[in-house]
Amino acid sequence: MRLSRAFLPTLKETPAEAQIASHRLMLRAGLVRQTSAGIYAWLPAGLRVLRRVEQIVREEQDRAGAQEILMPTIQSAELWRESGRYDDYGKEMLRITDRHEREMLFGPTNEEMVTDIFKSYAKSYRDLPRNLYHIQWKFRDEVRPRFGVMRGREFLMKDAYSFDATPEGARHSYRQMFLAYLRTFQRMGLTAVPMRADTGPIGGDLSHEFIILAETGESGVFYDATYETTDWAGTDVATNDVAGLEAFFNGVTSSYAATDEMHDAAAWAAVPEARRREGRGIEVGHIFYFGTKYSAAMGLSLAGPEGTTIIPEMGSYGIGVSRLVGALIEANHDEAGIKWPDAVAPWAAAVLNLRQGDAATDAMCEDLYARLGDAAVYDDRGSRAGEKFADADLMGFPWQAIIGPRGAAAGRVELKRRASGERAEVSLEDAVARIL
Ligand code: ATP
Ligand code: MG
Ligand code: MG
Ligand code: MG
């Protein structure tokens, strides 16, 4: 992408409406544009990050054995009457009437719809277990949309739904998602602590929220410091190893971690004082095991072995895909701008031409840009070097490959690592090798 032709708008001024760093930076770096309260258009750089986050989420869901589907955003009120949630859900639900006066809604979540779909095909216990997920826009008419995409009204969520024959099977499905979540956030370079959580309107008895620690988070959190040093990468437990997964789950959850809603003063007092951490965090994922709440209400029952009947045990598992883009910036930025982790960066590098129009400099920049291909943007604008540095820092490319007349003459590229600020003079080949 050549910046001279790209639609990658940056703002010099800090937008007045943005209260937290990630929101300010998303607007300044031209990632999103608000079109109505809590509703955003994603611009090219923002969309690339969103897609990369979405892809990591997808790969870990697939790896855990879940299967992707795509359900619509618009749902019929009828389904929600079956579960009894149509009236309960309240004002967060955007209700729509079509031309035939039929009541519709913009889905805030999909338990009812997926249960109805599964019911149409599943016949017996042989159709269990299954886990279906989709990555789709949701709408919740939040009273106070704020912090940009972190609390939007329209937002992208991954939601998975598991169906099992027995409570034990359902707990295994739950643990599979638990592990998938740890892997997902770890791949993005985030420490997301699983915290015991309230099951709220979804109902049920087992639930964890995955929380990224951040001053600006909306949840109060209490956790054992062991979570700060836990190495999730050491978890090579296989998804289908029932006993191994249970042991892993019990190990991870044996340390104290709870949101303020679930905080238990007595259990907290048992945590050694030096290890008690209190702070704030951002909810990026939430998993629930809720048993037969929806299957029973919506008439999902299957033939069991030997003439028995099974009402599937269900769980649901959400990840805030668009919220994660904001949370990632909250966790990775400085005064100058964003510091994208490699795994989600919109482009790995920016090639900065310090003397546009100088034949040798232009030639070397073109050469490097051609070799990097879609991994790089090329700042070939006629602007001052200072402006190019500022924009590259703001947009947060993990690498900056800086080339001026002096470097071009010597065949050297100055490579800057955005996250650490480290700089090195390298050959063109080395620059390509490090970036790709
Ligand atoms: P919150 O407590 O922040 O309102 P929630 O508990 O209502 O979130 P869930 O129903 O658990 O949300 O949905 C699953 C995930 O969807 C959340 O963990 C969060 O990451 C994301 N999410 C929920 N509401 C929003 C929103 N308004 N904007 C962006 N992401 C959201
Ligand atoms: Mg909410
Ligand atoms: Mg919540
Ligand atoms: Mg939640």
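Assorted remarks:
- Mean separation of Cα pairs under 8 Å and 6 or more residues apart, divided by the residue count, gives the chain a relative contact order of 17 percent.
- Over the stretch 110-158, relative contact order from alpha-carbon pairs under 8 Å, at least 6 apart, %: 32 percent
- Crossing angle, helix 44-63 versus the chain [Cα axis fit, 0-90 degrees, rounded to tens]: 40 degrees
- Under 5 Å, built H, 5+ apart or other chain: amide partners of Ala214: Arg280, Gly281, Ile282
- Acute angle (nearest 10 degrees) that the helix 242-253 long axis makes with the longest principal axis of the chain, alpha-carbon atoms: 70 degrees
- Gaussian network model of the chain, springs between alpha carbon atoms under 10 Å - residue of Thr239, Thr35, Thr226 with greatest fluctuation: Thr35
- Among Tyr121, Thr73, Phe155 the positive-end extreme of the charge dipole of the stretch 1-158 (Cβ point charges): Phe155
- Whole-Hz ³J(HN,Hα) from phi, Karplus 6.51 cos²θ - 1.76 cosθ + 1.60, for the stretch 397-407, glycine and proline x: 4, x, 10, 10, 9, 9, 10, x, x, 5, x
- In the stretch 340-436, GluC sites (Glu not before Pro) in a DSSP loop with at most 12 other beta-carbon atoms within 10 Å: Glu422
- Think of each Lys and Arg Cβ as +1 and each Asp and Glu Cβ as -1; about the Cα centre, that makes the dipole of the stretch 238-390 roughly 200 debye.
- When the Gaussian network model of the chain links Cα atoms closer than 10 Å, the mean-square fluctuations of Ala77, Ala243, Ala192 top out at Ala243.
- Separation between Cα centres of the stretch 377-436 and the stretch 288-340, rounded to whole Å: 41 Å
- Relative contact order of the stretch 2-107, defined on C-alpha pairs under 8 angstrom at six or more residues apart (%): 16 percent
- Karplus 3J(HN,Hα) series, Hz, for the stretch 383-388 with 6.51 cos²θ - 1.76 cosθ + 1.60 (x for Gly, Pro): 6, 5, 4, x, 5, 5
- With Cα atoms, 0 to 90° folded angle of helix 359-372 axis to the chain main axis: 20 degrees
- Calculated [222 nm] ellipticity per residue, helices only, for the chain: -10000 deg cm²/dmol; basis is -39500 (n - 2.57) per DSSP H run with n ≥ 4, divided by all residues, nearest 500.
- Total charge dipole magnitude, the stretch 313-356, about the Cα centre, Cβ charges on Lys, Arg, Asp, Glu only, Debye to nearest 20: 240 debye
- For the chain, built as a Gaussian network whose Cα springs stay under 10 Å, the top-fluctuating residue of Gly304, Gly46, Gly291: Gly304
- Where trypsin sites (Lys or Arg not before Pro) in DSSP loops with at most 11 other Cβ within 10 Å are excluded, longest remaining stretch of the chain: 124-383
A short reminder: the numbers here are calculations on the coordinates, not readings from a lab. What you are looking at is a predicted structure, and each value in this text was computed from that prediction instead of being measured. Note that we place each Cβ from the backbone using ideal geometry, even for glycine, and neighbour counts take in every protein chain shown.
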